[in-house]
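Encoded as structure tokens, the structure appears first; notes follow it.
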Amino acid sequence: MKKSAFIILSILSALSAYAQDSLTNYVNVFLGTSGDHGQLSPSASTPFNMMNLGPQTNPHQHTGYEFYAKEFDGFTHTRMEGVGCTGSGGNILIKPILNGDKETALLRNNQDAEPGYYHVNFKNGIDAKLSVDQNFGLHEYTFPNNEGSIYLDLSFALSNRFVSETHTLKGNILSGSIETKTTCHAGTYHIYFAIQLPQNAQIRSSGEHQYIVNGLGNNAQVEVSFSSVSETYAQNRLQKTPLTALKSKATTSWSNYLSHIEVTGEEDRVALFYSLLYRSLQSPFLVSEEDGTFTATNGSKQKENYKSYNGWAIWDNYREQLPLLSLAYPEVYQNIITSIANLYRFGKNNWATAYEPTPTVRTEHAIVVLLDAYKKGYKVDFKSIKDALLKEANSLDFGAPDKALESSYDLWALSEILKITGYYKLSSEYLEQALTYKTYWEKDFKDLTKGDVDRMQARGLYQGTIWQYRWFVPWDIKGLKNLVGGEADFEKQLDQFFSDFNYNHANQPDLQVPGLYNATSQPWKSQKLFREILLDTVVQTYFNDNSKGIDPYVGRIYQNKPKAYLRTMDDDAGTMSSWFVLHSIGLSIANVGDPVYYLTAPIFKEVKLNLDLGKTFKISVKNYNKDHFYIKSAVLNGKLITRNWLTHNEVSQGGNLIIETAAEPNTNWGIKEQFITSIQEK
């Protein structure tokens, strides 16, 4: 190669690396970190990493942090981002102190953070920097006047969920295991840990599960590592890496993942996009070691030739986050799907088992997720887990109106899986059971004249109203239309649903409803609703006080600030962030279980999905105007299309989509070749 050509290639490579690294500069890790407006933290993390190292403040929200709090209790090493029920995690508190006094007040002076890094200094002169690698965290402290000490509490956990711990101290290394209750105290997770303290530190017990570490002088580093398998694996993960190098490695990791989707447009939109894509990539957690060993959900040690994940919020994120990962991160997603299938091999509860290897939430609708993955081309060994799938299906709950619809969805998914695997008679039987949703729907959801139809938790509903749950038949929209009274009544009642402000974006039960106009002769109404939810002022009337019309919220739902979301709107392990990410690039899930995306107008001039094997799918907006959101026309790979949907295969194979937008709707586009889910047509 000529020297000049080599120089040009080197410059291009450097520019490409810079472009990727710069994506982390868009991420605001403080988005959603105040009050009940997301339940997020600015903690140092890397993609799909259980090690989530960050501040513990007083007061705090579900992640142990509150943006506006001044008082710090120290730093903890686990948390599930955005989940409810007072959160999950908060293990192993480390607090920098002065002169061995564990009551040292840590009052924040200022703080800054970026993906993979957190920094704060306090009014007493203590400075703290944190960064992480996979299941490894590094603390770096500087102290005033040679007074540095550390307080360590192995029993610390959020919401008093600590169960037990055992440890040994050899030299300057503490190692052992911790048991902690999962979210809502539903199960127990077990973490093996190793903590390396400074070499010449003076370590003394300060009570049960607690230590004081003295003699640190002006500065100190503390290393903490985790494993789902054993203390030995945790100890082997300890590493002597400078914090600057660790921070740089974390930046590179985040840059690589963020660059799977490149967007071009208004800078404020780009910043919001990458801040939310960042939140979409923090769970589930990679739990297997490099040799493939991991602890399964029945407590057994397993060794496989794939990467194993845990830390589920499937009832929430099967709707948006898992589909996003299936589209943009196929290599990771294959391992995630295998790990979800493994729940049926090793142990699955709707919430958690007694042997979880990480904090976790819940797993309902895993059957739907497995079906969806298979139809998108992912490998799922259905035959090996058939009996466990049947067992779960036979124990589904139909005891409340919402449960009846949710369970029917799972039965439909199972009938599809059984058909795929050749069990046709069983498939028909479970489809027939799924269709009993119509009886429940007629009983509880048809009559809208009753006084409780817009009341939260009426008739035993879990997290919604009759109005919100009545649309929850995504797998049989044609059947739902017939129940409502036909196409005209379906559209009329959708109009009423939104005009009366019954839609609730603060929670998930009706998250799919704004897209239902795509299955009617009025798809432009979905285009308008999506843009309003993404960027514009909306009216939201439902919050945790279970009232409607009292102190409604009027404003934007997604904002790039600490109080980012609606009040009471949890991000739920990337669910609500992923909703924004997908819809902002012009794609909307039609039905989880069918590999189809409805089209809407991107909020960007250009989007590029960097897929596996060097493939790209590019979405461009013709005659771009940032305020236009109606689709006038669409061209896929040079061919004009009049349908308002694409298949997963069309996107994942790569190509070019050009969407022309306009200020007014094209009422003739997207109505002739509709995708309307219907079990009768399959």
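The values are calculated or read from the model by the stated rules, or taken from the named source; none is laboratory data. Since we're looking at a predicted model, the values are computed, not measured. Cβ sites come from the backbone with ideal geometry, for glycine too, and all protein chains shown count toward neighbours. These accessible areas exclude ligands, DNA and RNA; they are computed on the full protein's heavy atoms, side chains included. Shrake-Rupley method; radii C 1.70, N 1.55, O 1.52, S 1.80 Å.
What the table below lists for this structure:
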quantity	calculated
Criterion violated by THR251 - all others in (1) under 30 Å from ILE619 (Cβ atoms); (2) open to solvent by less than 20 Å² (accessible area, probe 1.4 Å); (3) touching a Ser or Thr at 6+ places or on another chain (Cβ under 6 Å) satisfied	(2)
Pairs with Cβ under 7 Å, 6+ apart, first in segment 637-653 and under 18 Å from TRP669 (Cβ atoms), second at pLDDT below 95 and charged (D, E, K, R)	THR642/LYS672; THR642/GLU673; ARG643/GLU673
Those strands (runs of 3 or more DSSP E) lying entirely in segment 121-211 with at least 2 residues open to solvent by less than 30 Å² (accessible area, probe 1.4 Å)	127-133, 136-142, 148-153, 173-181, 188-196
Qualifying positions in segment 325-355 - of a type outside the set (Ser, Thr, Tyr), more than 11 Å from ILE314 (Cβ to Cβ), touching a strand residue (DSSP E or B) at 6+ places or on another chain (Cβ under 7 Å) and open to solvent by 10 Å² or more (accessible area, probe 1.4 Å)	ASN335, ALA354
Hits in segment 456-494 - residues which are open to solvent by 10 Å² or more (accessible area, probe 1.4 Å), farther than 15 Å from GLU442 by Cα and polar (S, T, N, Q)	GLN457, GLN463, GLN493
Exclusive hit being assigned to a loop (DSSP other than H, G, I, E, B) and modelled with pLDDT of 95 or more, set GLN239, GLN282, GLN221, GLN235	GLN282
Pair list, Cβ < 6 Å and 6+ apart or interchain, from segment 369-381 residues that are open to solvent by 60 Å² or more (accessible area, probe 1.4 Å) to residues that are assigned to a loop (DSSP other than H, G, I, E, B)	TYR374/VAL380
Output for segment 257-285, where each listed residue is crowded, with 23+ Cβ neighbours inside 10 Å and farther than 30 Å from SER339 by Cβ	LEU272
Selection within segment 436-455 - under 22 Å from LEU396 (Cβ atoms) and open to solvent by less than 50 Å² (accessible area, probe 1.4 Å)	TYR437, TRP441, ASP444, PHE445
All positions within segment 648-674 that are open to solvent by 40 Å² or more (accessible area, probe 1.4 Å) and either of a type in the set (Gly, Ala, Ser) or under 31 Å from the mean Cα position of the chain (by Cα) (or both)	ASN649, GLU650, GLN653, ASN656, ILE658, ALA663, GLN674
Pair list, Cβ under 6 Å, 6 or more apart: segment 205-231 residue more than 17 Å from THR104 (Cα to Cα), other residue of a type in the set (D, E, K, R) and open to solvent by 40 Å² or more (accessible area, probe 1.4 Å)	GLN221/GLU140; SER225/ARG237
Candidate set from segment 412-435 (those that are open to solvent by 50 Å² or more (accessible area, probe 1.4 Å) and among the acidic types (Asp, Glu)); member that is nearest to LYS391 (Cα to Cα)	GLU429
Scope segment 298-314; condition open to solvent by 10 Å² or more (accessible area, probe 1.4 Å), under 22 Å from the mean Cα position of the chain (by Cα) and within 21 Å of THR188 (Cα to Cα); matching residues	TYR309
Which numbered condition TYR65 misses (of (1) over 21 Å from THR46 (Cα atoms); (2) of a type in the set (Phe, Trp, Tyr); (3) open to solvent by less than 10 Å² (accessible area, probe 1.4 Å); (4) not in a strand (DSSP E or B))	(1)
Residue in segment 590-608 that is at pLDDT 95 or above, hydroxyl-bearing (Ser, Thr, Tyr) and either out of contact with any helix residue (DSSP H, G or I) (no Cβ under 9 Å at 6 or more places or on another chain) or within 30 Å of GLN433 (Cβ to Cβ) (or both) present	yes
Hits in segment 302-342 - residues which are among the small types (Gly, Ala, Ser) and part of a helix (DSSP H, G or I)	SER326, ALA328, SER339, ALA341
Qualifying positions in segment 547-587 - touching a helix residue (DSSP H, G or I) at 6+ places or on another chain (Cβ under 7 Å), surrounded by fewer than 24 Cβ atoms within 10 Å (Cβ to Cβ) and of a type in the set (S, T, N, Q)	ASN560
Filter result for the condition that a residue is within 30 Å of GLU442 (Cβ to Cβ), modelled with pLDDT of 95 or more and not charged (D, E, K, R), over ALA366, ALA373	ALA366
Test: residue in segment 528-546 that is open to solvent by 10 Å² or more (accessible area, probe 1.4 Å), basic (Lys, Arg) and not in a helix (DSSP H, G or I)	no
